[in-house]
Amino acid sequence: MAFLLQFPNNFRTFSVSASSNGASPSVPQTGPVILELPLDKIRRPLMRTRSNDQEKVKDLMDSIAQIGLQVPIDVLEVDGVYYGFSGCHRYEAHQRLGLPTIRCKIRRGTKETLRHHLR
């Protein structure tokens with residue numbers, strides 16, 4: 001599967017590695033990067049405790065179908081695993097549209113950072 005990545009001209013350079021054994025690519029430690037990630041690679045640990053406004057999801061579905069996602073969701077990468085804590089409506093809209101990927105602003109964190117988000 002191929003992914004098309006578009007970046008502004010002033011975007012800093014970075015590297016991404018991939019493994020043939022199915023391991024997730026790692027994100028560099030130099031700050032957030034914008035990447036398209038497969039929806040099934042993003043863990044959503046708080047999804048069971050929240051319910052989305054279905055009207056907002058439908059409006060986002062219409063918008064995404066017409067002009068694409070305008071604001072990436074924030075994702076935390078810890079030890080090669082991606083966690084999403086925000087962007088719930090955008091994430092569900094992508095799921096319901098059957099889109100395989102979503103644009104993410106990825107920042108790298110530690111296990112302590114992850115524990116903080118889970119409180």
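The values are calculated or read from the model by the stated rules, or taken from the named source; none is laboratory data. Note that this is a predicted model, so its numbers are computed, not measured. Glycine also receives a Cβ, built like all others from the backbone with ideal geometry; neighbour counts cover every protein chain displayed. Remember, those area values only see protein heavy atoms, side chains included, never the ligands or the DNA or RNA. Shrake-Rupley method; radii C 1.70, N 1.55, O 1.52, S 1.80 Å.
Return the residues of segment 81-106 that are touching a residue at least 60 places away in the same chain (Cβ under 8 Å) and among the charged types (D, E, K, R); say none if nothing qualifies. 103, 105 - these are the residues of segment 81-106 that are touching a residue at least 60 places away in the same chain (Cβ under 8 Å) and among the charged types (D, E, K, R). Number of residues in segment 79-88 that are surrounded by fewer than 19 Cβ atoms within 10 Å (Cβ to Cβ), more than 16 Å from residue 38 (Cβ to Cβ) and over 10 Å from the mean Cα position of the chain (by Cα): the value is 1. When residues in segment 41-55 are screened for being in contact (Cβ under 8 Å) with a residue 24 or more places away in the chain and surrounded by fewer than 18 Cβ atoms within 10 Å (Cβ to Cβ), 9 of them pass. Inside segment 56-77, can you point out the residues that are assigned to a strand (DSSP E or B) and open to solvent by less than 40 Å² (accessible area, probe 1.4 Å)? Result: 73, 75, 76, 77. Among the residues of segment 78-119, those identified as part of a loop (DSSP other than H, G, I, E, B) and closer than 30 Å to residue 62 by Cα are 85, 86, 87, 98, 99, 100. Of all residues in segment 93-119, those satisfying the criterion of being surrounded by fewer than 20 Cβ atoms within 10 Å (Cβ to Cβ) and either of a type in the set (Phe, Trp, Tyr) or touching a helix residue (DSSP H, G or I) at 6+ places or on another chain (Cβ under 7 Å) (or both) are 95, 96, 97, 100, 101.
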